[in-house]
Amino acid sequence: MSAPQRTTSLRDSSAELERMEGTGSWDDSLDWFKLEVQHPASRSVSPHANYKCLLEAERVIVEGRGVVLVNTDEAGTLIVTNFRLIFLSEGTENIIALGTIPLATIEKFSKMVVKNQSAPRQYEKTPSQRLLQVIGRDMRIIVFGFRPKTKQRRTVYNVLLKCTKPSRLWDLYAFGCGPSKFTNANPKVRLLNEYFRLLGKDFCSASMDMIDKGSYTMSNELWRISNVNSNYLMCPSYPFALIVPKSISDEEALQASSFRSKTRLPVVSWCDPGTGAVLARSSQPLVGLMMNMRSNTDEKLVAALCSQLGGEKKGRRERSYLLEVGNPNHCTGPEALKLGCRKLYIADARPRKNALANVAMGGGSESSSHYFQSEVVFFGIDNIHAMRESLSRLRDYLDTHGTASSDGTLSLLRHGGWTWGGGNLSSMSASVATLGDSGWLIHVQSVLAGSAWIAARVALESASVLVHCSDGWDRTTQLVSLANLLLDPYYRTFAGFQALIEKDWLAFGHPFADRMGMPTVSGSSDKPHDLCRQSSVGSFPSSPMRQSSGSFAPQAPSSSHAQNQYSPIFLQWIDCVSQLLRMYPFAFEFSSAFLVDLLDCVLSCRFGNFFCNSEKERELVGVSEACGCLWAYLADLRSSEGRSHVHYNLFYGPLKHNGPLLPPAAALAPTLWPQFHLRWSCPSEAQAGELEAQCRNMSIKFSELQKLVSNNWPGKRRGREKAKATAIAMESLSAELRNEKQLSSSAMALAKRASKETAAIKRAIQSLGCKVHFTSGSGTTVDIETSPMGITQKSVFSHSRESDGIVQHEDKSDLSISISVVADDVVSDNPLSRVCDSLCPLRSRDGGCRWPDAGCAQLCSQFIGVKADYDAIDSLSILETYFQTQALKHRVIAEPSDFGIGTVHTENIELVVHYP
């Protein structure tokens, strides 16, 4: 019968051995684990090892089984590939995130030996614990435990020595993987497009053909794009294209560059299209040991940054200082204030004492008396070495006081109870002081405060600001890019944030290779392998407060301070961005999770965007063609889930903050960035209670419900057909309703018109002296009575209409009209004479006709003109078509214009009079 399967937990194994052998040492448990597993401790494997977790072109170099992750007391398999260190859980082979770290993210690693004390009744010598500590740049400290009496730890250590610090740039994983599907367009094109946007030339689109021909030198009223550095001869660390004042020629720019450290002359980073104020950057001036060196071209270039712009927007701005281009001696002192010249601030990011110390090497700072209308301000931000040590102290603090420490001890159980020293208040204060002593939050606050001050000067005073430090590529980049983020809402979007980083960090030469400890174009074979690591240090350097039951034996000295150029400058800037995102949650399109993923990609060196120290070096190596693009990778992640992706900020409202962000000093109190600082030491606290995460989960559930309704609902086809039929029926009913409305409107109009016409006829006949009586009947009856003969005349009235080409027949109106005509004279026996005498208003009393040209005499018919005494009728003609002895028919024809109705319809009104 097979033995029950034993757990692989380190502490459970130790307890089992204690029951069996009366001792519970760590190495005994590891020895037992070695016998239980029954496979080699470590071995080199085929590059094509079958692991589902491997990425494209990722190959396994070595693997070790039975390794224990001391942080969480988990046993599993440790794999070293050409890209990362992977820890897989025992049995399930699931990736343990804490124990999986890219090789480039490893800051340093060391072998440690922990000597355990023997038990009181144990006479045999207890072997030491053999551990490997890995410290990452992403705020984690990992400790792996290996089996004793094996070469497992040594094999892994030697592989890490070789792979974490390759001697050649193209030995990195990014070159072996290639661009794959994350192709990288030439960053020069994107830089030019950003320049075009700043100059108001958004309608222009850059291309490689434009760059090859050098036809990108566009300009506006104040600034121009110069190609003076197109071959990187003037300044190797500057981009190929620069924005300079329009009044400065390329020859003057070359002369001015010689007065600045590393030839990094003052150039424009951002300009306000409304006021003409600019944010410029450079390196320190070379003022010499006596601080009396000057450069006329440099002073002219700096003065040109205060260019005058006609029609400046006043609005909320309190002051405006305008200066004519290229003439620093145009006005000075009180005269300058009277002319309203734009002020220039020279922001030196260093402490004043550091700037003075650089004088010994020929550097220094500007004198406000040499630069027109200027004021020099020192921000007091420390150098790269202070930032590196500060982050290290913060990492130690988090590892010591986190949920679980790298030594596998819960912080709540350390020191006999609590991490606060057993509840001692003085120990609590000391622990809080440890966080303050790290200085990280103070440094972050300094960068935030300096950037907010710069943004306020540009936005509120319309002043120009020139920023520099020593070389102008570390603290200067932090301040300028963060001020850009505060001033321009475009940089707070995905596309704008990418453009900002590519412009101020990559194009302007932040030395990413030096700050991340990666090889450059010339290689790093001349540098020692432990340049960026503390190799073989036999102690837990991660916490000054940590105590262990064993002693640590050092095995190798640490690297020197002077040689180490690694510094978390970019990490610190991303931390500052996360603080702004916390203060203004509606102002940014991206979320804190996007910043974490971006930072992880940069630290891992999986993509080539952040390789080398300058644009020139990346172009020389051909990084954009040989490696994948980080921006394409992140965009692909977002496209997989759309707006519900974790990178999108659910609270983003572009209209809420469509102008500069000017945080007050009281709001610039930074806190730890939970999603990054606490994700390894306090994973549950880093994510718990996030309103954004809860809203995102609700959004995802709503999207899933929508997909379920649209794709998987039963009777989907029937529902669509029914909806379509309903839509057609509704359209038909709407059409019928419109027709009915039109018919109703037409009928109402006809009825109104008929009423007007009837009234008009009545008034017309009454104006002839006739009496009209309306009675209901089969037709219209007109009775005409005369005194001598009493002739009764009956007429039938019929009505037809033609409207818009459609003839409509109406029933004859049931109307009887009785007309009585009283003649003024004796009426002749001739019916025609009687009619003429009675009806014709143009016939004289003596029987003569005052209408000699009437056609009635020629056509055997009588026209009688009727003149109405109302405004609606102009004329009415009565035509006698024929006369008979027993019947006489009169037709009355009237047109709509006769009644002043003003319509385009043709109306024919026929009045027939029958004589008996």
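Quick one: count up the residues across region 636-648 that are more than 15 Å from LEU598 (Cα to Cα) and either among the charged types (D, E, K, R) or part of a loop (DSSP other than H, G, I, E, B) (or both).
Adding up the residues that qualify gives 2.
Exactly one of these conditions fails for LYS181: (1) basic (Lys, Arg); (2) modelled with pLDDT of 90 or more; (3) in a loop (DSSP other than H, G, I, E, B). Give me its number.
Here LYS181 clears every test but (2).
With the structure loaded, tell me whether GLU221 is farther than 26 Å from SER451 by Cα, acidic (Asp, Glu) and crowded, with 16+ Cβ neighbours inside 10 Å or whether it fails that test.
Here the answer is no, as GLU221 does not meet what is asked.
Name the residues in region 124-177 that are in contact with a His (Cβ under 9 Å, 6 or more places away or on another chain), on the phi < 0 side of the Ramachandran plot and of a type in the set (A, V, I, L, M, F, W, C), would you?
Residue satisfying the conditions is LEU161 alone.
What is the number of the single condition among (1) at pLDDT below 90; (2) surrounded by fewer than 23 Cβ atoms within 10 Å (Cβ to Cβ) that LEU98 does not meet?
It is condition (1) that LEU98 fails.
Would you tally the residues in region 601-635 being in a helix (DSSP H, G or I) and aromatic (Phe, Trp, Tyr)?
2
Take SER226 and tell me if it is of a type in the set (Ser, Thr, Tyr), more than 19 Å from VAL623 (Cα to Cα) and touching a strand residue (DSSP E or B) at 6+ places or on another chain (Cβ under 8 Å). Reasoning before the result, please.
Values: of a type in the set (Ser, Thr, Tyr): yes; more than 19 Å from VAL623 (Cα to Cα): yes; touching a strand residue (DSSP E or B) at 6+ places or on another chain (Cβ under 8 Å): yes.
Considered against the rule, which asks whether it is of a type in the set (Ser, Thr, Tyr), more than 19 Å from VAL623 (Cα to Cα) and touching a strand residue (DSSP E or B) at 6+ places or on another chain (Cβ under 8 Å), SER226 comes out as yes.
When both residues are 6+ apart or on different chains and their Cβ atoms are under 8 Å apart, which pairs have a first residue that lies in region 646-667 and is closer than 18 Å to MET698 by Cβ, and a second that is of a type in the set (S, T, N, Q)?
These pairs meet every condition: VAL646/SER591; HIS647/SER591; TYR648/SER591; ASN649/SER591; LEU650/SER591; LEU650/SER699.
Given the criteria over 30 Å from the mean Cα position of the chain (by Cα) and free of Cβ contacts under 8 Å to residues at least 24 places away in the same chain, does SER257 qualify?
So SER257 passes the test.
Which one of these is outside any helix (DSSP H, G or I), touching a Ser or Thr at 6+ places or on another chain (Cβ under 7 Å), modelled with pLDDT under 95 and surrounded by 23 or more Cβ atoms within 10 Å (Cβ to Cβ): GLY421, GLY472?
The unique qualifying residue is GLY472.
Among the residues of region 489-507, is any touching a Gly at 6+ places or on another chain (Cβ under 7 Å), at pLDDT 95 or above and either surrounded by fewer than 18 Cβ atoms within 10 Å (Cβ to Cβ) or not in a helix (DSSP H, G or I) (or both)?
Scanning region 489-507, I find at least one residue that is touching a Gly at 6+ places or on another chain (Cβ under 7 Å), at pLDDT 95 or above and either surrounded by fewer than 18 Cβ atoms within 10 Å (Cβ to Cβ) or not in a helix (DSSP H, G or I) (or both), so the answer is yes.
Do you know which residues across region 225-254 are surrounded by fewer than 18 Cβ atoms within 10 Å (Cβ to Cβ) and closer than 19 Å to GLU299 by Cα?
Of everything in region 225-254, those that are surrounded by fewer than 18 Cβ atoms within 10 Å (Cβ to Cβ) and closer than 19 Å to GLU299 by Cα turn out to be LYS246, SER249, ASP250, GLU251, LEU254.
Report, by residue number, each residue of region 69-88 that is part of a strand (DSSP E or B) and either out of contact with any Ser or Thr (no Cβ under 8 Å at 6 or more places or on another chain) or hydrophobic (A, V, I, L, M, F, W, C) (or both). Break it down stepwise before answering.
Keep residues of region 69-88 that are part of a strand (DSSP E or B), which gives 69, 74-81, 84-88.
Within region 69-88, LEU69, ALA75, THR77, LEU78, ILE79, VAL80, THR81, LEU85, ILE86, PHE87, LEU88 meet the criteria.
I need a count of the residues in region 134-175 that are of a type in the set (D, E, K, R) and part of a loop (DSSP other than H, G, I, E, B).
Filtering region 134-175 down to residues of a type in the set (D, E, K, R) leaves 137-138, 140, 147, 149, 151, 153-154, 162, 165, 168, 171.
Adding the requirement that they be part of a loop (DSSP other than H, G, I, E, B) leaves 137-138, 140, 147, 149, 151, 165, 168.
Looking only at that region, the number is 8.
Limited to region 160-196, what total is found for residues that are closer than 19 Å to THR100 by Cα and surrounded by fewer than 18 Cβ atoms within 10 Å (Cβ to Cβ)?
Residues in region 160-196 being closer than 19 Å to THR100 by Cα and surrounded by fewer than 18 Cβ atoms within 10 Å (Cβ to Cβ): 2 in total.
Looking at the structure I just gave you, is SER624 touching a helix residue (DSSP H, G or I) at 6+ places or on another chain (Cβ under 7 Å) and of a type in the set (Ser, Thr, Tyr)?
yes
The values are calculated or read from the model by the stated rules, or taken from the named source; none is laboratory data. On a predicted model such as this, the values are computed, not experimentally measured, just so you know. In this analysis, Cβ positions are derived from the backbone assuming ideal geometry, glycine residues included, and neighbour counts consider all displayed protein chains.
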